[in-house]
Amino acid sequence: MTVKQAANVLDLIEFFAEHRRAATLAEIARHFDWPKSSAFKLLGTLVERGYLYEPRAKGGYYPAPLLAEMAGRIEAAQPIPAELHALLEALVRKTGETAVLAAASGAQALFLDAVESPNAIRYTAQRGKTVPLHVTATGRALLSQMSAEDRASVLRKARFDRHTEGTLMDAAAVETEIERSMARGWFLGNAEFTPGLGGVAVALKLPGRHLAVLVAGPMFRVQQQTDSLAEWLLVACRECETRLAERGEAG
């Protein structure tokens, strides 16, 4: 379910993040194909609340410092340790594939951070991307950290749509795959959600957080080195957990 007004505000923030310059009412309305009256009300509300301002008279609107300040306060309350971004960068250097840090968000795995492979043919992943928990290696790594009751609740509400020939089509199949994966210590993505895409995921064990790290790429490369990817990922994640625990940054 999408609330249109909320979506419009988020679209506007993403617009400024991409263009990084002031924009006039007319330009914004034209870009989003919004009625000028609706755009005027939305911009006016954000100006009134202090989240937008006009850097110069009639020169267009731009996010005010208050927006960055609020985002900073939110992040400061539960920061993502810098060590985790360094982990992703190290994995990309080691494996040549894209590395992702994810957390559970409802029935989805939310990408908190990502570092893409330098290869021309690669898995494209950006911060903010979501994928279903039950259909992906990343998601199952996150589901494995939930209580049996919470996991069952997620799977009861899941939509078991067939995305590819390899898609797991019921809760029992997902539970069986989670059990198999937990026994070996890592989770396999085998083109179940996106055709031609494979990967390996590991649950990242930090106190108070359910996180997972994924290394993914095209099947023709991943299948040739699945065991090596799993070994590298396990070692890197366990070493990262230890370093964070020693510095008291895990929680």
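What strands (runs of 3 or more DSSP E), lying completely within region 19-136, carry at least 2 residues that are in the same structural domain as ALA173 (by TED's automatic domain parsing) and hydrophobic (A, V, I, L, M, F, W, C)? Explain how you work it out, then say what you get.
Working: elements: 98-105, 108-115, 130-132.
The strands (runs of 3 or more DSSP E) meeting that bar are 98-105, 108-115.
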Reported set for region 204-233 where residues are in contact with a Leu (Cβ under 6 Å, 6 or more places away or on another chain) and closer than 18 Å to PRO81 by Cβ is LEU204, HIS210, LEU211, ALA212, VAL213
Output for Cβ contacts, cut-off 9 Å, separation at least six or different chains, first residue within 15 Å of VAL9 (Cα to Cα) in region 45-74, second acidic (Asp, Glu), reads VAL47/GLU54; TYR61/GLU54; TYR62/GLU54
Exception for LYS205 within (1) assigned to a strand (DSSP E or B); (2) modelled with pLDDT of 90 or more; (3) of a type in the set (D, E, K, R) falls at (2)
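Got at least one residue in region 167-186 being without any contact (Cβ under 8 Å) to a residue 60 or more places away in the chain, in contact with a helix residue (DSSP H, G or I) (Cβ under 7 Å, 6 or more places away or on another chain), part of a strand (DSSP E or B) and not β-branched (Val, Ile, Thr)? Let's see the steps before the verdict.
Step one: list which residues in region 167-186 are without any contact (Cβ under 8 Å) to a residue 60 or more places away in the chain, which gives 167-186.
Restricting the remaining residues to those that are in contact with a helix residue (DSSP H, G or I) (Cβ under 7 Å, 6 or more places away or on another chain) gives 168, 171, 174, 177-178, 181, 185-186.
This time we only want the ones that are part of a strand (DSSP E or B), so: none.
Within region 167-186, none of the residues are without any contact (Cβ under 8 Å) to a residue 60 or more places away in the chain, in contact with a helix residue (DSSP H, G or I) (Cβ under 7 Å, 6 or more places away or on another chain), part of a strand (DSSP E or B) and not β-branched (Val, Ile, Thr).
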Picking from GLU241, GLU192, the residue that is among the acidic types (Asp, Glu), under 25 Å from SER117 (Cα atoms), out of contact with any Pro (no Cβ under 8 Å at 6 or more places or on another chain) and touching a residue at least 40 places away in the same chain (Cβ under 8 Å) would be GLU192
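Give the residues of region 147-159 that are surrounded by fewer than 16 Cβ atoms within 10 Å (Cβ to Cβ) and assigned to a loop (DSSP other than H, G, I, E, B), sorted by residue number. Reasoning before the result, please.
Of the residues in region 147-159, the ones surrounded by fewer than 16 Cβ atoms within 10 Å (Cβ to Cβ) are 147-150, 152-153, 156-157, 159.
Scanning region 147-159 gives SER147, ARG159.
The values are calculated or read from the model by the stated rules, or taken from the named source; none is laboratory data. The structure presented is a predicted model; accordingly, all values stated were derived computationally and were not measured. Note that each Cβ is placed from the backbone with ideal geometry, even for glycine, and that neighbours are counted across all protein chains shown.
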